[in-house]
Amino acid sequence: MARQTYWKGYLKLSLVTASVSLTPATTDTNQLRFHVLNRKTRNRVESRYVDSVTHKPISDKDQAKGYPRGEDDYVILEDDEISEVGLESTRTIDISSFVPRGSIDWIWYDKPHFLAPEDKVGVEAFCVIREAMKANDVVGIARLVLYRRERAVLLEPQGKGIVLWTLHFGDEVREPAGTVDLASKTDHKVLALMSKLVKDRTEEWKPSMVTDPVQKRIRAMIRAKQKSLPKPVAATKRPPVKSTGNVVNIMDALKKSIAKDGGRPKH
């Protein structure tokens with residue numbers, strides 16, 4: 001299956017820049033989705049914003065973002081005001097720092113994406129950043145606007161590429177729930193029987209272990225009902241967006257970056 005590029009921009013480490021593309025590592029395109037219909041006419045039902053008091057539809061230009069500060073009292077923020085406090089560039093993954101690989105607990109990881117160089121010019125810069133992370137056994141930390149929100153991201157070298165993980169923010173991760181006393185002793189005979197049961201059921205991983213039987217049965221139901229319906233018209237593919245990039249001398253950029261960082265104060 002052809003790779004569906006979700007985002008295009010630049011990977012940047014100090015003065016070294018590579019043109020890159022980002023592709024989600026997982027997909028939900030196979031997940032069943034339903035439209036809400038008018039049962040009598042079979043027309044689709046539209047969702048609209050309406051005023052909660054007058055019940056009249058609200059046009060896009062009259063919609064505003066409001067933060068509640070009391071009952072029926074809001075602080076209104078305009079889109080340009082919110083944009084001012086965001087990233088300077090929404091098309092650049094600027095690696096700000098590195099942390100030891102494996103030092104971030106799994107609970108912080110959100111969604112994985114494949115990061116790849118977009119053109120021949122960016123391959124050298126991309127590869128030298130990837131190999132430098134491998135050599136130092138670290139992962140990069142940056143910020144990026146994805147899915148209509150600014151996110152913290154982690155860049156991890158994997159094989160010939162880089163996997164970019166969106167990370168949960170600090171206020172999104174909860175403290176562990178209370179658990180039973182983990183120091184309590186276990187009966188050795190019970191443990192031996194449980195160990196045997198676990199061993200007997202251990203096998204090599206395969207994707208079929210996580211198939212969705214409910215989705216499979218619903219699909220069979222849909223196929224049975226749609227035999228008499230015409231096939232949907234295939235959507236036309238959008239033309240690919242051409243990427244641009246500047247020719248960069250990697251050695252010169254690295255020398256300038258090191259000279260520039262030499263004056264940076266250590267945190």
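What whole-number value in Å² describes the accessible area per residue of the chain for a 1.4 Å probe? Don't skip to the answer; put the middle values down first.
On the way: 22600 Å² over 267 residues.
Ligands and nucleic acids excluded, the figure is 85 Å² per residue.
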Rounding to the nearest 20 debye, state how big the charge dipole of the chain is about its Cα centre with +1 on each Lys and Arg Cβ and -1 on each Asp and Glu Cβ.
1900 debye
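For every helix of n ≥ 4 consecutive DSSP H residues, a contribution of -39,500 (n - 2.57) applies; sum these over the chain, divide by its total residues, and give [θ] at 222 nm rounded to the nearest 500 deg cm²/dmol. Could the numbers behind the result be given before it?
On the way: 5 runs with 61 residues, N = 267.
Helix-only estimate at 222 nm: -7000 deg cm²/dmol.
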Student exercise, the stretch 10-94 dipole from Lys, Arg, Asp, Glu Cβ charges, in Debye to nearest 20
920 debye
Once you charge only the Cβ atoms, +1 for Lys and Arg and -1 for Asp and Glu, what is the size of the charge dipole of the stretch 1-56 about its Cα centre, to the nearest 20 debye?
300 debye
Which residues make up the longest stretch of the chain clear of GluC sites (Glu not before Pro) that lie in a DSSP loop with no more than 12 other Cβ atoms within 10 Å, not counting the sites?
89-202
Can you give me the distance in nm between label points at Ser97 and Arg148, each placed 7 Å from the Cα along the Cα-to-Cβ direction?
3.1 nm
Please report the carbon-and-sulfur percent of the accessible area for the stretch 1-142; probe 1.4 Å, protein heavy atoms only, DNA, RNA and ligands left out.
52 percent
Kirkwood hydrodynamic radius (C-alpha pairs) into Stokes-Einstein, the chain, 4 °C and 1.567 mPa s, D in µm²/s:
53 µm²/s
Set of lysines with alpha-carbon distance to Lys185 below 26 Å, sequence-local pairs under 8 removed
Lys196, Lys199
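Set the Förster radius R0 to 30 Å, insert the Cβ-Cβ distance between Arg42 and Lys65 as r into 1/(1 + (r/R0)^6), and round the FRET efficiency to 0.05.
Values: r = 36 Å, r/R0 = 1.19.
Efficiency, rounded to the nearest 0.05: 0.25.
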Where is the GNM fluctuation largest for the chain (alpha-carbon springs, 10 angstrom cutoff): Phe169, Phe114, Phe126?
Phe169
Rounded to 5, the percent of DSSP beta bridges in the chain classed as antiparallel:
95 percent
For the pair Trp108 and Val85, what calculated FRET efficiency results from E = 1/(1 + (r/R0)^6), where r is the Cβ-Cβ distance and R0 = 25 Å, to the nearest 0.05?
0.60
Mean separation of Cα contacts under 8 Å (6+ apart) over length of the chain, as relative contact order %
21 percent
Would you check the accessible area of Met209, probe 1.4 Å, heavy atoms only, in square angstrom rounded to 10?
90 Å²
As straight-line cross-link partners of Lys255, the qualifying lysines (C-alpha separation under 17 Å, not fewer than 8 residues apart within one chain) are Lys12
Trypsin sites (Lys or Arg not before Pro) in the stretch 4-55 lying in a DSSP loop, each with at most 10 other Cβ atoms within 10 Å of its Cβ, come to Arg33, Arg39, Lys40, Arg42, Arg48
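For a quick check of your reading of the filter: which chymotrypsin sites (Phe, Trp or Tyr not before Pro) in the stretch 1-88 sit in a DSSP loop and have no more than 16 other Cβ atoms within 10 Å?
Working: sites: Tyr6, Trp7, Tyr10, Phe34, Tyr49, Tyr74; in loops: Tyr6, Phe34, Tyr49.
Within the stretch 1-88, the qualifying chymotrypsin sites (Phe, Trp or Tyr not before Pro) (loop, at most 16 other Cβ atoms within 10 Å) are Tyr6, Phe34, Tyr49.
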Below 8 Å between Cα atoms, with a sequence gap of 6+, how large is the relative contact order for the stretch 1-159 in percent?
28 percent
Just flag the trypsin sites (Lys or Arg not before Pro) in the stretch 61-138 sitting in loop per DSSP whose Cβ has no more than 13 other Cβ atoms within 10 Å.
Arg91
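The values are calculated or read from the model by the stated rules, or taken from the named source; none is laboratory data. Nothing here was measured: the structure is a model prediction, and the numbers come from that model. Using ideal geometry, Cβ is built from the backbone for each residue, glycine included, and neighbour counts are taken over all protein chains shown. Remember, those area values only see protein heavy atoms, side chains included, never the ligands or the DNA or RNA. Shrake-Rupley method; radii C 1.70, N 1.55, O 1.52, S 1.80 Å.
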